[in-house]
Amino acid sequence: MERTYIMLKPDAVKRGLMGEIISRIERKAFKITNVKMITLNEEILREHYAHLVDKPFFPDMVTYMTSGPVLAMIVEGDDVVKGMRNIMGATKWLEAEAGTIRGDYANSTTENLIHGSDSVENAEIEIKRFFGE
Ligand code: IDP
Ligand code: MG
């Protein structure tokens, strides 16, 4: 069974949107097989977002991502990596279509509520990074 790493970011937790987002994952019939609430630090973010460390927005992203706990999850299902990316919506909030999580609830590109792995290979790396399995 394919798996992906999903993370509800600090704004989702602070805004009380965890239940809403989890409902959408469950309504799509994907299976949540592990969850934990954790607080990230800059070190793990530099690893997780290695492709972005040189971007001008990276310092603001670290401030945001360390501003409170995140809900880390493992989600399973057929084609779940692409399927979760579809229900999340595009990275840039103005490009995220209505009906997607980001399209319905985000009005910032940095504070965009949710992370989902972008490939099957990265999903396994990220699950190992955050769950050690
Ligand atoms: P993704 O989260 O849709 O996979 P990535 O390109 O991997 O998008 O970027 C990781 C995170 O970095 C985004 O979710 C967002 O929080 C932040 N980010 C990406 N691009 C920008 C940008 O152009 N401005 C501000 N923040 C950005
Ligand atoms: Mg990404």
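Taken together, the values in this text are just the output of simple stated rules run on the coordinates, not laboratory data. Please read these numbers as outputs of a predicted model, since none were measured by experiment. We place every Cβ from the backbone using ideal geometry, glycine too, and count neighbours over all the protein chains shown.
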Close pairs (8 angstrom Cβ cut-off, 6 or more residues apart or separate chains): under 13 Å from Ser119 (Cα atoms) in segment 60-87, part of a helix (DSSP H, G or I) anywhere: Val81/Val120; Val81/Ala123; Met84/Ile25
Search result, residues across segment 109-121 that are touching a residue at least 60 places away in the same chain (Cβ under 8 Å) and either exposed (fewer than 14 other Cβ atoms within 10 Å of the Cβ) or assigned to a helix (DSSP H, G or I) (or both): Val120
Some residue of segment 61-79 being surrounded by 14 or more Cβ atoms within 10 Å (Cβ to Cβ), under 16 Å from Arg24 (Cα atoms) and more than 13 Å from the chain's Cα centre (by Cα): yes
Among residues of segment 82-99, those that are within 11 Å of ligand 1 (Cβ to nearest atom) and among the β-branched types (Val, Ile, Thr), counted: 1
